[in-house]
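Encoded as structure tokens, the structure appears first; notes follow it.
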Amino acid sequence: MHLTLRQLKVFETVARHLNYTRASQELHLTQPAVSMQVKLLEGSLGAPLFEQLGKRIHLTEAGQEVLGYARSITQQLDELEGVLNRLKGLGGGRLRISVASTANYFIPTLLGSFSRNFPDVTVSLDVTNRETLLRQLGENTVDLVIMGQPPTEADVEAMPFLDNPLVVVAPPDHTLARQKHISLARLQEETFLVRESGSGTRIAMERFFNERGMRLKTGMEVGSNEAIKQSVQAGLGLGLLSHATIEQELSLKRLVVLDVEDFPIMRHWYIVHRRGKRLSPTAEAFKEFLLKDAMALLRAQGGAQLRASRLKRR
Ligand code: PGA
């Protein structure tokens with residue numbers, strides 16, 4: 001087989017986009033140059049990797065196999081780069097992390113602090129939904145994933161490093177805003193705005209109420225924490241959100257946390273990677289940092305986790 005790493009990279013990019021134009025833009029190549037690299041790869045492997053169905057291209061079965069290998073070869077090369085950097089005594093390296101959208105409310109603070117200690121590390125941060133996080137774990141395309149709901153079935157390691165309480169939020173003028181010890185049953189009279197299906201927050205919410213044999217009245221399905229907060233403020237319903245997302249609204253008194261029986265729903269944030277993954281020294285350092293320092297750091301900042309830890313655990 002006379003294939004080159006370059007061909008694998010070009011192939012991986014086309015396979016990710018399933019679109020030659022977008023792949024060539026990402027690679028800064030012309031479209032014919034991209035097609036040529038794919039053709040050469042197909043030639044040396046002796047199998048077509050894409051097929052055209054209508055206007056769209058699809059991976060053939062061989063293409064899917066090659067994609068898996070192309071990704072793990074790229075990942076191994078990155079790991080090798082990290083190991084060599086360490087041997088050369090360089091503190092640099094690349095850290096590729098992907099986080100659930102809700103984690104984006106505290107991850108920049110943590111990255112800021114980490115980067116001060118490791119100024120030569122280049123960080124690439126992807127903020128995305130749970131489905132993409134699971135795919136990235138499966139494809140081994142990131143060093144570490146931060147999520148609130150690690151997969152149980154997949155072959156992954158998940159380490160909790162931070163509390164993630166979920167609370168019920170309302171506008172300050174809501175009738176329940178000043179009530180103490182609101183019963184769960186009372187919530188059934190309210191309409192809830194829910195996150196999109198697949199969101200970790202939504203899964204936790206549904207599990208909590210299902211376990212108690214309860215059904216909530218749900219109104220709009222809203223695709224982001226920000227939009228839920230806006231909608232709750234506009235009086236469209238109550239929301240159930242991670243405490244980390246509402247710091248600002250609480251201090252500006254735009255939202256209040258309701259005092260509901262059995263709340264907050266206590267969850268955690270996890271560092272997740274594939275089982276047995278050989279982490280680069282940089283990823284290892286970031287993982288250590290999260291496990292050792294994240295909680296204390298956010299507390300010292302008076303951030304979400306401090307107030308969260310003051311919330312009564314019942
Ligand atoms: P999400 O947050 O709701 O943005 O997916 C992750 C989680 O809480 O599991």
Okay, strands (runs of 3 or more DSSP E) sitting entirely in region 97-176 with 1 or more residues that are in contact with a Ser or Thr (Cβ under 8 Å, 6 or more places away or on another chain) and of a type in the set (S, T, N, Q), I get 121-128
* Answer yes or no as to whether Leu27 is farther than 17 Å from His58 by Cα and in contact (Cβ under 8 Å) with a residue 12 or more places away in the chain. => yes
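For region 178-222, name all the residues that are hydrophobic (A, V, I, L, M, F, W, C) and out of contact with any helix residue (DSSP H, G or I) (no Cβ under 9 Å at 6 or more places or on another chain). Walk me through it before giving the result.
Within region 178-222, the first condition is being hydrophobic (A, V, I, L, M, F, W, C), and the residues that meet it are 182, 184-185, 187, 192-194, 203-205, 208-209, 214, 216, 220, 222.
Correct list: Ile182, Ala185, Ala204, Met205, Phe208.
Residues that are aliphatic (A, V, I, L, M): list the helices (runs of 4 or more DSSP H) wholly contained in region 200-279 that include at least 3 such residues.
Details: elements: 200-211, 225-233, 247-251.
In region 200-279, the matching helices (runs of 4 or more DSSP H) lie at 200-211, 225-233.
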The condition of being away from the ligand (no atom under 11 Å from the Cβ) and either of a type in the set (Phe, Trp, Tyr) or more than 23 Å from Ser72 (Cα to Cα) (or both) holds, among Asp163, Asp143, only for Asp163
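Going through Ala103, Ala185, Ala158 one at a time, which residue ends up being at negative phi and either without any contact (Cβ under 8 Å) to a residue 24 or more places away in the chain or away from the ligand (no atom under 14 Å from the Cβ) (or both)?
Numbers: Ala103 fails: either without any contact (Cβ under 8 Å) to a residue 24 or more places away in the chain or away from the ligand (no atom under 14 Å from the Cβ) (or both); Ala158 fails: either without any contact (Cβ under 8 Å) to a residue 24 or more places away in the chain or away from the ligand (no atom under 14 Å from the Cβ) (or both).
Within the list Ala103, Ala185, Ala158, the selection yields Ala185.
If you go through region 278-314, how many residues are of a type in the set (D, E, K, R) and modelled with pLDDT of 85 or more? Don't jump to the end; show me each part of the working.
Residues of region 278-314 of a type in the set (D, E, K, R): 278, 284, 287-288, 292-293, 299, 307, 310, 312-314.
Of the ones still in play, those that are also modelled with pLDDT of 85 or more are 284, 287-288, 292-293.
Final tally of qualifying residues: 5.
In the set Leu18, Leu5, Leu27, which member is farther than 30 Å from Arg267 by Cα and in contact with a Ser or Thr (Cβ under 7 Å, 6 or more places away or on another chain)?
Details: Leu18 fails: in contact with a Ser or Thr (Cβ under 7 Å, 6 or more places away or on another chain); Leu5 fails: in contact with a Ser or Thr (Cβ under 7 Å, 6 or more places away or on another chain).
Step by step, each of Leu18, Leu5, Leu27 is checked, and only Leu27 is farther than 30 Å from Arg267 by Cα and in contact with a Ser or Thr (Cβ under 7 Å, 6 or more places away or on another chain).
I'd like to check something: does region 201-212 contain any residue that is within 11 Å of the ligand (Cβ to nearest atom), among the polar types (S, T, N, Q) and within 20 Å of the chain's Cα centre (by Cα)? Even if it seems obvious, please write down each step before you answer.
Let us first name the residues in region 201-212 that are within 11 Å of the ligand (Cβ to nearest atom), namely 201-205.
When the remaining residues are screened for being among the polar types (S, T, N, Q), the result is 201.
Okay, now just the ones that are also within 20 Å of the chain's Cα centre (by Cα), so 201.
Scanning region 201-212 turns up at least one residue that is within 11 Å of the ligand (Cβ to nearest atom), among the polar types (S, T, N, Q) and within 20 Å of the chain's Cα centre (by Cα).
Keeping to region 24-42, report how many residues are hydrophobic (A, V, I, L, M, F, W, C) and in contact with a Phe, Trp or Tyr (Cβ under 9 Å, 6 or more places away or on another chain). Before you say what the answer is, go through the steps one by one.
Looking only at region 24-42, we keep the residues that are hydrophobic (A, V, I, L, M, F, W, C), and these are 27, 29, 33-34, 36, 38, 40-41.
In the following step, the residues that additionally are in contact with a Phe, Trp or Tyr (Cβ under 9 Å, 6 or more places away or on another chain) were identified as 34, 38, 41.
Residues that pass the stated criteria total 3.
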With the first residue restricted to region 109-135 and required to be more than 16 Å from the ligand (Cβ to nearest atom), and the second required to be among the basic types (Lys, Arg), Cβ contacts under 9 Å at 6 or more apart or on different chains are Val121/Arg94; Thr122/Arg94; Val123/Arg94; Val123/Arg96; Ser124/Arg94; Ser124/Arg96
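The values are calculated or read from the model by the stated rules, or taken from the named source; none is laboratory data. The model shown is predicted, which means the values in this text are computed figures rather than measured ones. Using ideal geometry, Cβ is built from the backbone for each residue, glycine included, and neighbour counts are taken over all protein chains shown.
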